[in-house]
Amino acid sequence: MSKFFEGERLEAAVAKIAEYPQKRSAILPLLHMVQDDLGYVPRDAMREIAALIDLTPAEVLGTASFYTMFRFEERGKHLVSVCGGISCMLLGSHELYRKMLDHFGVASHGTTPDGTFTFELMECAAACGGAPAVEVDYLFFENVGPDEGVKLLEDIKSRGLEAVHAERGSVTAPLSPGAVEAIEAGPSPRTADPRAQSPEAMS
Ligand code: FES
(Lines give C-alpha, C1' and ligand atoms only; values in the text may rest on other atoms or scores of the structure.)
Protein backbone atom coordinates (compact mmCIF):
# COMPACT_ATOMS: atom_id res chain seq x y z
CA MET A 1 0.00 0.00 0.00
CA SER A 2 1.33 3.44 -0.88
CA LYS A 3 2.11 5.82 1.89
CA PHE A 4 -0.28 8.61 2.75
CA PHE A 5 2.35 11.13 3.73
CA GLU A 6 4.33 11.61 0.56
CA GLY A 7 5.02 14.59 -1.67
CA GLU A 8 2.78 17.57 -0.94
CA ARG A 9 1.05 15.80 1.92
CA LEU A 10 4.38 15.14 3.59
CA GLU A 11 5.41 18.76 3.11
CA ALA A 12 2.12 19.91 4.63
CA ALA A 13 2.58 17.55 7.57
CA VAL A 14 6.13 18.72 8.21
CA ALA A 15 4.96 22.34 8.08
CA LYS A 16 2.13 21.58 10.48
CA ILE A 17 4.44 19.81 12.92
CA ALA A 18 6.79 22.80 12.84
CA GLU A 19 3.99 25.01 14.19
CA TYR A 20 4.17 23.29 17.57
CA PRO A 21 6.91 23.37 20.21
CA GLN A 22 6.54 19.60 20.59
CA LYS A 23 6.01 17.31 17.64
CA ARG A 24 3.38 15.24 19.41
CA SER A 25 1.10 18.26 19.68
CA ALA A 26 0.43 17.99 15.94
CA ILE A 27 -1.34 14.67 16.37
CA LEU A 28 -4.91 15.96 15.91
CA PRO A 29 -4.19 18.14 12.86
CA LEU A 30 -2.41 15.20 11.24
CA LEU A 31 -5.31 12.88 11.95
CA HIS A 32 -7.69 15.44 10.48
CA MET A 33 -5.45 15.77 7.46
CA VAL A 34 -5.86 12.07 6.76
CA GLN A 35 -9.57 11.97 7.44
CA ASP A 36 -10.29 15.09 5.37
CA ASP A 37 -8.61 13.42 2.43
CA LEU A 38 -9.71 9.80 2.75
CA GLY A 39 -12.88 10.11 4.80
CA TYR A 40 -11.40 7.88 7.48
CA VAL A 41 -8.09 7.16 9.18
CA PRO A 42 -6.54 3.84 8.16
CA ARG A 43 -4.19 2.01 10.51
CA ASP A 44 -1.25 2.47 8.15
CA ALA A 45 -1.71 6.23 8.23
CA MET A 46 -1.71 6.13 12.03
CA ARG A 47 1.62 4.30 11.90
CA GLU A 48 2.97 7.01 9.61
CA ILE A 49 1.78 9.72 11.98
CA ALA A 50 3.45 7.92 14.86
CA ALA A 51 6.76 7.88 13.00
CA LEU A 52 6.45 11.56 12.09
CA ILE A 53 5.88 12.79 15.64
CA ASP A 54 7.87 10.23 17.60
CA LEU A 55 4.98 8.41 19.20
CA THR A 56 4.09 4.74 19.16
CA PRO A 57 1.24 3.60 16.89
CA ALA A 58 -0.65 2.62 20.05
CA GLU A 59 -0.41 6.17 21.36
CA VAL A 60 -1.79 7.53 18.09
CA LEU A 61 -4.62 5.02 18.11
CA GLY A 62 -5.31 5.74 21.77
CA THR A 63 -5.70 9.45 21.04
CA ALA A 64 -7.66 9.04 17.82
CA SER A 65 -10.10 6.57 19.32
CA PHE A 66 -10.87 8.98 22.17
CA TYR A 67 -12.60 11.31 19.71
CA THR A 68 -15.83 10.19 18.12
CA MET A 69 -15.28 12.33 15.04
CA PHE A 70 -12.53 10.04 13.75
CA ARG A 71 -13.57 7.04 11.71
CA PHE A 72 -11.41 3.99 11.19
CA GLU A 73 -13.27 2.27 8.42
CA GLU A 74 -13.89 3.38 4.90
CA ARG A 75 -17.15 5.21 4.55
CA GLY A 76 -19.48 6.28 1.78
CA LYS A 77 -19.10 9.47 -0.18
CA HIS A 78 -21.43 11.34 2.19
CA LEU A 79 -21.68 10.93 5.93
CA VAL A 80 -25.24 11.33 7.20
CA SER A 81 -25.36 11.95 10.93
CA VAL A 82 -28.76 11.99 12.57
CA CYS A 83 -28.91 13.39 16.08
CA GLY A 84 -30.09 10.86 18.62
CA GLY A 85 -29.95 13.29 21.56
CA ILE A 86 -32.92 13.75 23.84
CA SER A 87 -34.44 16.84 22.18
CA CYS A 88 -34.15 15.39 18.71
CA MET A 89 -35.33 11.98 19.85
CA LEU A 90 -38.45 13.48 21.42
CA LEU A 91 -39.18 15.32 18.19
CA GLY A 92 -38.80 12.27 15.98
CA SER A 93 -35.14 11.85 15.02
CA HIS A 94 -35.26 8.08 15.53
CA GLU A 95 -38.20 7.84 13.15
CA LEU A 96 -36.25 10.00 10.70
CA TYR A 97 -33.19 7.78 11.04
CA ARG A 98 -35.24 4.61 10.57
CA LYS A 99 -36.99 6.05 7.53
CA MET A 100 -33.68 6.93 5.91
CA LEU A 101 -32.24 3.49 6.63
CA ASP A 102 -35.30 1.72 5.31
CA HIS A 103 -35.47 3.90 2.23
CA PHE A 104 -31.86 3.14 1.29
CA GLY A 105 -31.98 -0.46 2.51
CA VAL A 106 -29.08 -0.20 4.90
CA ALA A 107 -28.47 -1.15 8.52
CA SER A 108 -27.78 1.36 11.26
CA HIS A 109 -24.26 2.75 10.92
CA GLY A 110 -24.04 1.07 7.54
CA THR A 111 -23.14 2.22 4.05
CA THR A 112 -25.39 2.02 1.02
CA PRO A 113 -24.31 -0.64 -1.50
CA ASP A 114 -23.42 2.04 -4.06
CA GLY A 115 -21.20 3.76 -1.52
CA THR A 116 -23.14 7.05 -1.64
CA PHE A 117 -24.13 7.36 2.01
CA THR A 118 -22.89 6.16 5.37
CA PHE A 119 -25.34 6.64 8.22
CA GLU A 120 -24.74 7.20 11.88
CA LEU A 121 -26.72 8.18 14.93
CA MET A 122 -24.77 10.82 16.80
CA GLU A 123 -24.92 12.42 20.20
CA CYS A 124 -26.40 15.88 20.71
CA ALA A 125 -25.20 18.09 17.89
CA ALA A 126 -25.76 21.27 19.91
CA ALA A 127 -28.60 22.34 17.63
CA CYS A 128 -31.40 21.40 20.04
CA GLY A 129 -33.40 24.51 19.15
CA GLY A 130 -33.74 23.12 15.64
CA ALA A 131 -34.50 19.53 16.56
CA PRO A 132 -34.54 17.11 14.86
CA ALA A 133 -31.12 17.94 13.49
CA VAL A 134 -29.18 16.17 10.77
CA GLU A 135 -25.71 16.73 9.42
CA VAL A 136 -24.62 15.72 5.96
CA ASP A 137 -20.85 15.88 5.82
CA TYR A 138 -21.05 18.13 8.89
CA LEU A 139 -23.43 20.60 7.26
CA PHE A 140 -26.40 21.19 9.56
CA PHE A 141 -30.03 20.79 8.64
CA GLU A 142 -32.63 21.52 11.25
CA ASN A 143 -36.29 20.66 11.81
CA VAL A 144 -35.98 17.72 9.47
CA GLY A 145 -38.98 15.42 9.21
CA PRO A 146 -38.71 11.86 7.86
CA ASP A 147 -39.99 12.69 4.37
CA GLU A 148 -37.85 15.81 4.15
CA GLY A 149 -34.77 13.90 5.20
CA VAL A 150 -35.27 11.25 2.54
CA LYS A 151 -35.94 13.90 -0.08
CA LEU A 152 -32.79 15.77 0.87
CA LEU A 153 -30.67 12.66 0.41
CA GLU A 154 -32.38 11.75 -2.85
CA ASP A 155 -31.65 15.25 -4.13
CA ILE A 156 -28.00 14.94 -3.19
CA LYS A 157 -27.80 11.53 -4.80
CA SER A 158 -29.62 12.49 -8.00
CA ARG A 159 -27.37 15.48 -8.54
CA GLY A 160 -24.29 13.37 -8.01
CA LEU A 161 -22.91 15.99 -5.68
CA GLU A 162 -19.40 15.65 -4.51
CA ALA A 163 -18.89 15.94 -0.80
CA VAL A 164 -21.54 18.12 0.71
CA HIS A 165 -19.52 20.74 2.32
CA ALA A 166 -19.00 21.37 5.90
CA GLU A 167 -20.11 24.91 6.31
CA ARG A 168 -21.38 24.81 9.83
CA GLY A 169 -24.52 26.65 10.73
CA SER A 170 -28.18 26.20 10.16
CA VAL A 171 -28.94 26.13 6.47
CA THR A 172 -32.62 25.40 6.60
CA ALA A 173 -35.17 25.61 9.29
CA PRO A 174 -37.19 23.89 7.99
CA LEU A 175 -35.64 22.61 4.79
CA SER A 176 -36.14 25.15 2.07
CA PRO A 177 -35.97 24.75 -1.70
CA GLY A 178 -32.58 26.47 -1.53
CA ALA A 179 -30.99 23.83 0.65
CA VAL A 180 -29.53 21.65 -2.02
CA GLU A 181 -28.48 24.68 -4.05
CA ALA A 182 -26.53 25.84 -1.02
CA ILE A 183 -24.82 22.48 -0.93
CA GLU A 184 -24.12 22.54 -4.63
CA ALA A 185 -22.52 25.96 -4.37
CA GLY A 186 -19.95 24.40 -2.10
CA PRO A 187 -17.96 26.09 0.58
CA SER A 188 -16.65 29.58 0.35
CA PRO A 189 -12.85 29.54 0.47
CA ARG A 190 -12.97 31.16 3.89
CA THR A 191 -15.08 28.43 5.36
CA ALA A 192 -13.78 25.40 3.51
CA ASP A 193 -12.35 24.04 6.73
CA PRO A 194 -15.03 24.03 9.44
CA ARG A 195 -12.41 24.15 12.16
CA ALA A 196 -11.05 27.37 10.65
CA GLN A 197 -14.29 29.27 10.89
CA SER A 198 -14.65 32.37 12.96
CA PRO A 199 -17.38 32.48 15.61
CA GLU A 200 -19.11 35.15 13.48
CA ALA A 201 -19.30 32.79 10.54
CA MET A 202 -20.88 30.13 12.71
CA SER A 203 -23.58 32.37 14.16
S1 FES B 1 -30.49 16.73 21.03
FE2 FES B 1 -30.23 16.95 18.90
S3 FES B 1 -29.13 18.74 18.68
FE4 FES B 1 -29.30 18.49 20.80
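The values are calculated or read from the model by the stated rules, or taken from the named source; none is laboratory data. If you're wondering where the values come from, they're calculated on a predicted model, not measured in any experiment. Please note: Cβ atoms are built from the backbone with ideal geometry, for glycine as well, and neighbour counts cover all protein chains shown.
Go through the residues of region 70-77 one by one and say whether even a single one is more than 30 Å from P132 (Cβ to Cβ) and not assigned by TED's automatic domain parsing to the domain that holds G129. No - not one qualifying residue is present in region 70-77. Scanning region 122-137 for residues that are surrounded by fewer than 18 Cβ atoms within 10 Å (Cβ to Cβ) and touching a helix residue (DSSP H, G or I) at 6+ places or on another chain (Cβ under 6 Å) turns up just one, C128. Just one of (1) of a type outside the set (K, R); (2) crowded, with 20+ Cβ neighbours inside 10 Å; (3) modelled with pLDDT of 90 or more; (4) out of contact with any helix residue (DSSP H, G or I) (no Cβ under 8 Å at 6 or more places or on another chain) fails for M100. It is (4). Of the set (1) within 16 Å of the ligand (Cβ to nearest atom); (2) surrounded by fewer than 19 Cβ atoms within 10 Å (Cβ to Cβ), all apply to L28 but (1). Here T118, T68, T63 are screened, and the one residue that is more than 10 Å from the ligand (Cβ to nearest atom), among the β-branched types (V, I, T) and crowded, with 20+ Cβ neighbours inside 10 Å is T118. Quick one: how many residues across region 144-165 are touching a helix residue (DSSP H, G or I) at 6+ places or on another chain (Cβ under 9 Å), surrounded by fewer than 19 Cβ atoms within 10 Å (Cβ to Cβ) and not in a helix (DSSP H, G or I)? So the count comes out to 2. Is one or more of the residues making up region 33-50 within 16 Å of the ligand (Cβ to nearest atom), in a loop (DSSP other than H, G, I, E, B) and surrounded by 14 or more Cβ atoms within 10 Å (Cβ to Cβ)? The answer is no; no qualifying residue exists.
Could you list, in sequence order, all residues of region 71-80 that are part of a strand (DSSP E or B) and more than 16 Å from the ligand (Cβ to nearest atom)? Across region 71-80, the qualifying residues are H78, L79.
Residues that are within 16 Å of the ligand (Cβ to nearest atom), among the β-branched types (V, I, T) and more than 27 Å from E6 (Cα to Cα) occur in region 85-104; there is at least one.
Put simply, of G84, G92, G110, G129 the only residue that is over 14 Å from the mean Cα position of the chain (by Cα) and either within 18 Å of V41 (Cα to Cα) or not assigned by TED's automatic domain parsing to the domain that holds L153 (or both) is G110.
Within region 121-143, the only residue that satisfies the criterion of being of a type outside the set (D, E, K, R), within 9 Å of the ligand (Cβ to nearest atom) and closer than 23 Å to E74 by Cβ is M122.
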